[in-house]
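Heads up, the thing below is written out as structure tokens.
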Amino acid sequence: MEASETEGRTFMQAISEKYSPENFPCRRGPGMGVVVVPSRQWGSPMKDRLNLPSVLVLNGSGISHAGEEEEIAAFCTHVIELDLSHNKLQDWLEISKIVSNIPNLEFLNLSSNQLSDAVLEPDCAKAFSSIRRLVLNNTLVSWDTVHTFTREMPELEELFLCLNEYTTVTPAAMPCPTLRLLHITDNSLQEWSEVRKFGSMFPALDTLVMANNNLNSIQDSGEILQRLFPNLRSINLHNAGLNRWEDIEKLNFLPKLEEVRLQGIPLLQAYTSMERRSLMIAQLPSVTSLNGSVVTDCEREDAERFFIRYHLDHSEEELPHRYHCLVTKYGKLAPLAEIDLRPRCHAKVEVRYEDKVQQVSIRLDQTVGELKKQLRTVVQLPTSNMRIYYIDKDSAFGPDELKYSTRALHSYSIQDGDEILVVPKTK
């Protein structure tokens, strides 16, 4: 029996509406859509033809029940991805009726369905056995439910558990050896004693995304970290609560770590953006990507040399272990010479007119026309009757006439001691 409107719609009602020929026209020839003709023997109440893609997006469709399972099996055999987020699903049995009739399903998104009180039985979880990527964001599912899934889903590779208000992690009775990516952002996992449980739960874990959890420290020793996360290649700790360089150094004990995302932590707030990146690169010698940007060999060498110079004024007790490693590599580097690259604002020049020479301070941000106005009182000539030439004291070339009244003086590279020659225009 179909669900009443107050309870929501069935899965098949939502499909019939969205993917009917009127709303989702059939494409002729090869393409995304697949035309499915339901069997006549069981008398489908739906339209005779539907154009279903292999990726079904039914988010926010008001779905609360599966509907006729025979219809799901007839229409959805080819479907490999299914988005059921933001619906009204509250019962794992109803969800399993949908999934069990989509035999090739590999991706399932159930985000923002109210599943906090739903009980998942092991037999029901078996219906999800073909799924490789499962998204349970903002469902508030319990760890018991998560563990039931990981036991009964032998193909599971990616698991998304964001926005589920987790403050602790309940260990699993048996590990999930296939999971490679765990996305568990925007929870409240502040203690490393909880995070470390993922190591034994997911021994093949390759990518751990833990942004916005306010993790306060990394407390295990290097030896334990090596054992807990032997395959971890990428970690995201954006907006963690880390405030010690020792926590960053511990990441070096993860033997396969290559990619780190680590922005918005208290430790780095006092540094400039250049200092943050350079100090992080120098502290993490095996990392090839930082915050989404590739670390080149040239950038690494510059960062490591910067790291040495940055710590030159620190006492021996304050020097990090990494400093001594880099000094062994590069030696003790001298501080870089400070060079003022700001443009000069003034120059003292000699103004020559006829047989008179007068030293004048001129602004280099003014134009040639403005310089002529300044020189009127010096040479007693109107600007309209004035030709001026610039003579570079260090150049072998002759005077350079300043013809263009709107050109800025700094573009001529005028220096202290250069000359300005003023000549009256001939009639």
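Observations on the model:
- The helices (runs of 4 or more DSSP H) found entirely in segment 117-220 that carry 1 or more residues being aromatic (Phe, Trp, Tyr) and more than 16 Å from SER96 (Cα to Cα) are 143-152, 192-195, 197-201.
- Only strands (runs of 3 or more DSSP E) whose full extent lies in segment 40-110 are considered here, and the ones with at least 2 residues that are at pLDDT below 95 and farther than 23 Å from PHE160 by Cα are 50-52.
- Some residue of segment 275-283 being free of Cβ contacts under 8 Å to residues at least 40 places away in the same chain, within 21 Å of the chain's Cα centre (by Cα) and surrounded by fewer than 18 Cβ atoms within 10 Å (Cβ to Cβ): yes
- Whether a residue is over 28 Å from THR145 (Cα atoms), open to solvent by 60 Å² or more (accessible area, probe 1.4 Å), at pLDDT below 95 and acidic (Asp, Glu) was assessed, and GLU22 passes this test.
- Selection of first residues in segment 315-326 that are surrounded by 11 or more Cβ atoms within 10 Å (Cβ to Cβ) and of second residues that are in a helix (DSSP H, G or I) and aliphatic (A, V, I, L, M), restricted to Cβ pairs under 8 Å at least 6 apart or on distinct chains, gives the following pairs, ordered by first then second residue: ARG322/ALA282; TYR323/ILE308; LEU326/ALA282; LEU326/ILE308.
- Any pair with Cβ under 9 angstrom, 6 or more apart, that starts in segment 1-22 at a residue that is assigned to a loop (DSSP other than H, G, I, E, B) and ends at one that is of a type in the set (Gly, Ala, Ser) and at pLDDT 85 or above: GLU2/GLY67; ALA3/SER64; ALA3/GLY67; GLU5/GLY62; GLU7/SER64; GLY8/SER61; GLY8/GLY62; GLY8/SER64
- Residue that is most open to solvent (accessible area, probe 1.4 Å) [pool: residues in segment 380-425 that are in contact with a strand residue (DSSP E or B) (Cβ under 9 Å, 6 or more places away or on another chain) and hydroxyl-bearing (Ser, Thr, Tyr)]: TYR404
- Residue in segment 179-201 that is under 17 Å from the mean Cα position of the chain (by Cα), farther than 20 Å from ARG233 by Cβ and either open to solvent by less than 10 Å² (accessible area, probe 1.4 Å) or of a type outside the set (D, E, K, R) (or both) present: no
For every residue, the table says whether it meets (1) open to solvent by 40 Å² or more (accessible area, probe 1.4 Å); (2) under 19 Å from THR145 (Cβ atoms); (3) in contact with a Ser or Thr (Cβ under 7 Å, 6 or more places away or on another chain).
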{"site": "TYR166", "(1), (2), (3)": "no, yes, yes"}
{"site": "THR170", "(1), (2), (3)": "yes, yes, no"}
{"site": "ALA173", "(1), (2), (3)": "yes, yes, no"}
{"site": "PRO203", "(1), (2), (3)": "yes, no, no"}
{"site": "ASN213", "(1), (2), (3)": "no, no, yes"}
{"site": "GLN226", "(1), (2), (3)": "yes, no, no"}
{"site": "PRO230", "(1), (2), (3)": "yes, no, no"}
{"site": "ARG233", "(1), (2), (3)": "yes, no, yes"}
{"site": "HIS238", "(1), (2), (3)": "no, no, no"}
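- Taking the listed residues THR178, THR145, THR139, THR150, the one that is within 29 Å of VAL55 (Cβ to Cβ), in contact with a strand residue (DSSP E or B) (Cβ under 9 Å, 6 or more places away or on another chain) and among the β-branched types (Val, Ile, Thr) is THR150, with no other qualifying.
- Restricting attention to segment 295-326 and to residues that are modelled with pLDDT of 90 or more and among the acidic types (Asp, Glu), the residue that is nearest to ALA282 (Cα to Cα) turns out to be GLU304.
- Residue match in segment 293-314 (condition: open to solvent by 40 Å² or more (accessible area, probe 1.4 Å), touching a strand residue (DSSP E or B) at 6+ places or on another chain (Cβ under 8 Å) and within 25 Å of VAL209 (Cβ to Cβ)): no
- Checked across segment 253-273, the condition of being closer than 25 Å to LEU179 by Cα, open to solvent by 60 Å² or more (accessible area, probe 1.4 Å) and either assigned to a helix (DSSP H, G or I) or touching an Asp or Glu at 6+ places or on another chain (Cβ under 9 Å) (or both) holds for at least one residue.
The values are calculated or read from the model by the stated rules, or taken from the named source; none is laboratory data. Here the structure is a predicted model, which is why all the values come from computation and not from measurement. Methodologically, a virtual Cβ is constructed for each residue, glycine included, from the backbone with ideal geometry; neighbour enumeration extends over all protein chains shown. Note: areas computed on protein heavy atoms with side chains; ligands, DNA, RNA excluded. Shrake-Rupley method; radii C 1.70, N 1.55, O 1.52, S 1.80 Å.
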